[in-house]
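Reviewing the structure listed below.
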Amino acid sequence: MANLKGKVAIVTGAARGIGAAIARRLASDGADVAICDLKAEWCEETVKALEALGAKAKGYGVNVAASAEVDACVKAVIADFGRIDIMVNNAGITKDGLLMRMSDEDWDAVLDVNLKGTFLFTRAVARPMMKNKAADGTQLGGAIINIASVVGIMGNAGQANYTASKGGVIALTKTTSKELGSRNIRCNAVAPGFIQSKMTDVLPDDVKKSYMEMIPLKRFGTADDIAKAVAWLAGDDAAYITGQIISVNGGMLG
Ligand code: NAI
């Protein structure tokens, strides 16, 4: 278990699903957590779950694709919690369709949330993280963890917008690690495989079956499988790890 006592985390898209599991896990490991989603009231359930674990938690309504909203959210979190040590860019959407028929709107919407949203929050937390210093002046920095996807590495028919956004997140992760490493800000990505969630519940049974055939561990992943990897990357046990893409996919892709 990572020791995150005294750390403050932001998790986007944390009202439900993988984001909520990440928030719960970071709180179990000792962190206080700002829960961000499109509407503050959607965050209430996650906030209550974290408070029951003894953590400080608060919900914020923010569209990750809107620059001014992201900057205002980061300011509010600093006012409420005093600092930011961990940033988890998890909010994501799909709007699937074959590329020949994909509308400009569906392309833009997915790129805006998944890729631009990750960029906007990363830019907004970089300066506050640079200011994190120990009493003796040691640079404490922070940890940024981006949620990518196995299909951002391998591609997937019917998901031109989504796979491009997640491939972009992977490249952005590597660049962020290079730009901010000297300030001890680490940036890594977790690339989940097929995870049981609202996003995947809607897929037809034959698609689910064909995915299962590709998974050596013979089960779909859980949100907690992702949360564990995120918590490890957030903590000091991963102090010398940056610019990496950690696949959590049951062996679906080597
Ligand atoms: P989900 O749909 O259950 O949850 C996504 C959350 O993000 C929702 O609470 C939603 O309200 C929020 N959100 C959407 N647009 C937003 C915006 N513009 N601003 C703020 N919040 C916004 O999805 P799930 O499955 O929990 O996925 C979380 C992340 O994991 C996403 O980035 C997804 O791409 C990624 N992922 C999921 C996989 C899966 O199998 N479920 C596999 C690989 C990656």
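The values are calculated or read from the model by the stated rules, or taken from the named source; none is laboratory data. From a predicted model like this one, the values you see are computed outputs, not experimental measurements. All Cβ positions, even for glycine, are placed from backbone atoms using ideal geometry, and neighbour counts span all protein chains on display. Please note that ligands, DNA and RNA were not included when accessible areas were found on the heavy atoms of the full protein model with its side chains. Shrake-Rupley method; radii C 1.70, N 1.55, O 1.52, S 1.80 Å.
Of Ile195, Ile93, Ile18, the residue with the greatest mean-square motion in the GNM of the chain, using alpha carbon springs below 10 Å, is Ile93. Of the trypsin sites (Lys or Arg not before Pro) in region 160-254, the ones in a loop by DSSP (not H, G, I, E or B) with at most 10 other beta carbons within 10 Å are Lys218.
Please give the per residue accessible area of region 44-190, computed with a probe of 1.4 Å over protein heavy atoms only, in Å².
Value for region 44-190: 46 Å² per residue.
Here the chain is treated with +1 on each Lys and Arg Cβ and -1 on each Asp and Glu Cβ, and its dipole about the Cα centre works out to around 620 debye.
Checking every one of the trypsin sites (Lys or Arg not before Pro) in region 1-97 against DSSP loop status and a limit of 10 other Cβ atoms within 10 Å picks out Lys5. Ignoring lysines fewer than eight residues from Lys58 along the same chain, the ones with Cα atoms less than 22 angstrom from its Cα are Lys5, Lys7, Lys39, Lys48, Lys75, Lys228. The apolar share of the surface of the chain, taken as the fraction of accessible area on carbon and sulfur atoms (1.4 Å probe, ligands and nucleic acids excluded), comes to 53 percent. The H on the amide N of Ala31, modeled in the peptide plane, is under 5 Å from the matching H of Leu4, each at least 5 residues off or on a different chain. A helix-only calculation puts the chain at -12500 deg cm²/dmol for mean residue ellipticity at 222 nm, using -39500 (n - 2.57) for each DSSP H run of at least four residues, averaged over all residues. Computed from the C-beta positions of Asp104 and Lys133, the FRET efficiency with R₀ = 45 Å rounds to 0.50.
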